Amino acid sequence: MKFENTGLENAKVELKRLDDVMLEQGLVREATWDYDRVTYDRKFELKEGVFYLRVQGYAEGDVGAHRADIRLITPLLGKYYFPHGVEYGAGEDFPSSLVSQCEKILTELKNQITAIAK
């Protein structure tokens, strides 16, 4: 599921500052990066299954050296299926309470990122 028009799309933020803001909202980067892009995930374990809120971005600079600006793209919500991975398709069933919680997280992220974005 895509969260369109969140205000996060195309926001440009320095990597270290973005890491801090994301962590405040429970989104972690860990090892989900390469030299061109980053991915922040927040895991939700519910009776309906395991879900991930995912915020991604493309790097301008060197992520490995922590000298990069990140341009964010449309956030996603996906459901995890073992052993295949996370599915984001329109055919997925996402609990409305989870969708609302993710929307609140993304609104708070937008507010924080707007304050620090380039």
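The values are calculated or read from the model by the stated rules, or taken from the named source; none is laboratory data. Note that the coordinates shown come from a computational prediction; the quantities given were computed from them, not determined experimentally. Here Cβ is always computed from backbone atoms with ideal geometry, including for glycine, and neighbour counts include all displayed protein chains.
Annotations for the structure displayed:
- Condition broken by residue 62, with the remaining ones in (1) touching a helix residue (DSSP H, G or I) at 6+ places or on another chain (Cβ under 7 Å); (2) surrounded by fewer than 18 Cβ atoms within 10 Å (Cβ to Cβ) satisfied: (1)
- Positions within the range 84-118 being touching a residue at least 60 places away in the same chain (Cβ under 8 Å), closer than 20 Å to residue 72 by Cβ and not β-branched (Val, Ile, Thr), in sequence order: 88, 102, 103, 106, 108, 109, 110, 112, 117, 118
- Listed by position, the strands (runs of 3 or more DSSP E) contained in the range 1-82 that have at least 3 residues being within 20 Å of residue 102 (Cα to Cα) are 37-46, 49-62, 76-81.
- Among the residues of the range 19-45, those that are under 15 Å from residue 105 (Cβ atoms) and not basic (Lys, Arg) comprise 21, 22, 23, 24, 25, 26, 27, 28, 40, 41, 44.
- Residues that are outside any strand (DSSP E or B) and of a type in the set (Asp, Glu) were ranked within the range 83-98; the one that is surrounded by the fewest Cβ atoms within 10 Å (Cβ to Cβ) is 93.
- Some residue of the range 101-109 being modelled with pLDDT of 95 or more and touching an Asp or Glu at 6+ places or on another chain (Cβ under 7 Å): no
- Inside the range 21-51, residues that are among the hydroxyl-bearing types (Ser, Thr, Tyr), surrounded by fewer than 18 Cβ atoms within 10 Å (Cβ to Cβ) and closer than 17 Å to residue 6 by Cβ make up a count of 0.
- Qualifying positions in the range 67-82 - crowded, with 18+ Cβ neighbours inside 10 Å and more than 15 Å from residue 8 (Cα to Cα): 68, 78, 79
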